[in-house]
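Q: Below is a structure I'd like to ask you about.
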């Protein structure tokens, strides 16, 4: 989407007019540049209350000679929020058809600079389709790039231009995460992800990407990563991103679960909706998207990203229920279910982070169906060993309208996961109760200690199984992967909240 912010009074292409619920017709100032035939139509539907400005409502007007307009409802002004404003912007893109064209003009004298910017952010986030594999042309769809003219007062131009440019840079990271999440698993496998990371890093002098291959992981004793991925012909790897490596640490470290396809392994999943298990790498998709967003916005401090990549397949060489593996930490794990695999690759990624001079660790994983039972598709679950980090992460999610909900990390859950009779840790709880809590308790066993050697590095775990895809209530997404928490983590890191 090409965006230009100016004071231009002309209307290019289809006019977009946001309206608060209950607002009156256009003033003479707002009507400047609008063809009188189109203005008459707008005034008529407002006066007759055919369009009331209710939140999420849209209406297309087609003047016989005055062009087209899209009226967008913002809801009641005294009940407005950033989420509602962003969703209103997204509604323009979701209803846009080829007949609206690709030239759009946005005008509103009733929105502040922040409100106008957030409205445009909603348009940018929603302006995404994954159509890489579609070869049949849809006549009702115009895939040409949208050109958007944003008209505002002279005193707002600089502020709105800066905000929209930054939002556009962050959105590029969200869209990359969606691309990775949506990519079919026959084309996006562990080393394919790694190659994409290497190719991206070549274009940036201040980005390093290091790949720990299957053979290296095997020799280094990364039993969690190796065990999950050894059943597949497409072997696992660990991808380590480092932005601004010459800057001093300690630095944030973001770790993503990257199971490019999860059959469940020997503990095979039921076949219905198994195709959705290509999304099981969305944690690693968010890591890559975040790295891109940080680079695009010019972040100058050191940040680490770790993607733990594997394909979980059944085969003669696959991991079995009943196996005991030794992880990178040296701790042993009794594998009771090979479909509880994400925690195994993360165990090695978490321990690896302890070697990289990190300030805090945040991992993201489509880890459990239990978190969907608990929170639905409306929030990601969060578990943490550090109240301050948890509060910061919760607030960052709130600021970005990507809800993060604190969950309990009780001693009893840890006791349950260390109750194996033949190993240090078990990879499955004793029963179905509290499944997302016991999964988090498992991960906590592999969080490394800080430099003092006595206290764990501040850590938070985000279970994004309910928010990474399939959230029909997410108005910013048409289908598939959401790119969840690229914006939240960028906000957390760059604002230092």
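The values are calculated or read from the model by the stated rules, or taken from the named source; none is laboratory data. Everything quoted here is computed from the prediction, not taken from an experiment. All Cβ positions, glycine included, derive from the backbone under ideal geometry; neighbour counts span all protein chains shown.
Q: Give the number of residues within the range 1-14 that are out of contact with any helix residue (DSSP H, G or I) (no Cβ under 7 Å at 6 or more places or on another chain) and either under 16 Å from residue 119 (Cβ atoms) or assigned to a loop (DSSP other than H, G, I, E, B) (or both). Lay out the reasoning, then the answer.
A: Taking the range 1-14 and keeping what is out of contact with any helix residue (DSSP H, G or I) (no Cβ under 7 Å at 6 or more places or on another chain), we get 2, 4, 8-13.
From the residues that got through so far, the ones that are either under 16 Å from residue 119 (Cβ atoms) or assigned to a loop (DSSP other than H, G, I, E, B) (or both) too are 4, 8-13.
The number of residues fulfilling the criteria is 7.
Q: Separate question: As an exercise: evaluate residue 46 against (1) in contact with a helix residue (DSSP H, G or I) (Cβ under 8 Å, 6 or more places away or on another chain); (2) crowded, with 17+ Cβ neighbours inside 10 Å and give the number of the one condition it does not meet.
A: Condition not satisfied by residue 46: (1).
Q: Restricting attention to helices (runs of 4 or more DSSP H) lying wholly within the range 279-386, give those where 2 or more residues are within 29 Å of residue 453 (Cα to Cα), touching a helix residue (DSSP H, G or I) at 6+ places or on another chain (Cβ under 7 Å) and assigned by TED's automatic domain parsing to the domain that holds residue 433. Write out each step before concluding.
A: Details: elements: 282-296, 342-353, 370-375.
Fully inside the range 279-386 and qualifying: 342-353.
Q: While we're on this one: Answer yes or no as to whether residue 317 is surrounded by fewer than 21 Cβ atoms within 10 Å (Cβ to Cβ) and over 18 Å from the mean Cα position of the chain (by Cα). Quick ask: steps written out before the conclusion?
A: Details: surrounded by fewer than 21 Cβ atoms within 10 Å (Cβ to Cβ): yes; over 18 Å from the mean Cα position of the chain (by Cα): yes.
For residue 317, the condition - surrounded by fewer than 21 Cβ atoms within 10 Å (Cβ to Cβ) and over 18 Å from the mean Cα position of the chain (by Cα) - is met.
Q: Does residue 446 satisfy being in a helix (DSSP H, G or I) and within 28 Å of the chain's Cα centre (by Cα)? Lay out the reasoning, then the answer.
A: Numbers: in a helix (DSSP H, G or I): no; within 28 Å of the chain's Cα centre (by Cα): yes.
Taking the combined requirement at face value, the residue does not satisfy it.
Q: Quick test for you: out of 421, 415, pick the one residue that is assigned to a helix (DSSP H, G or I), assigned by TED's automatic domain parsing to the domain that holds residue 458 and over 24 Å from residue 379 (Cα atoms). I'd like the intermediate steps shown before the answer.
A: Working: 421 fails: assigned to a helix (DSSP H, G or I).
Exactly one residue qualifies, and that residue is 415.
Q: Can you pull out the residues in the range 149-164 that are part of a helix (DSSP H, G or I) and either buried (at least 18 other Cβ atoms within 10 Å of the Cβ) or without any contact (Cβ under 8 Å) to a residue 24 or more places away in the chain (or both)?
A: Here is the first cut: in the range 149-164, the ones part of a helix (DSSP H, G or I) are 154-164.
Hits for the range 149-164 are 155, 156, 158, 160, 161, 162, 163, 164.
Q: Moving on to the next point. Please work out which one of (1) in contact (Cβ under 8 Å) with a residue 60 or more places away in the chain; (2) crowded, with 17+ Cβ neighbours inside 10 Å; (3) more than 22 Å from residue 214 (Cβ to Cβ); (4) within 20 Å of the chain's Cα centre (by Cα) is the condition residue 307 fails and give its number.
A: (3)
Q: Which one of 160, 120 is at pLDDT 95 or above, within 22 Å of the chain's Cα centre (by Cα) and not assigned by TED's automatic domain parsing to the domain that holds residue 470?
A: Working: 160 fails: within 22 Å of the chain's Cα centre (by Cα).
Matching residue, one of 160, 120: 120.
Q: Looking only at the range 250-269, which residues are within 22 Å of residue 323 (Cα to Cα) and outside any strand (DSSP E or B)?
A: Scanning the range 250-269 gives 263, 264, 265, 266, 267, 268, 269.
Q: May I pose another question? Please verify whether the range 221-240 includes one or more residues that are modelled with pLDDT of 95 or more, under 17 Å from residue 294 (Cβ atoms) and in contact with a strand residue (DSSP E or B) (Cβ under 9 Å, 6 or more places away or on another chain).
A: yes
Q: Here is a further query. Residue check: is residue 494 surrounded by fewer than 22 Cβ atoms within 10 Å (Cβ to Cβ) and either outside the structural domain of residue 393 (by TED's automatic domain parsing) or part of a helix (DSSP H, G or I) (or both)? Break it down stepwise before answering.
A: Details: surrounded by fewer than 22 Cβ atoms within 10 Å (Cβ to Cβ): yes; either outside the structural domain of residue 393 (by TED's automatic domain parsing) or part of a helix (DSSP H, G or I) (or both): yes.
Yes, satisfied.
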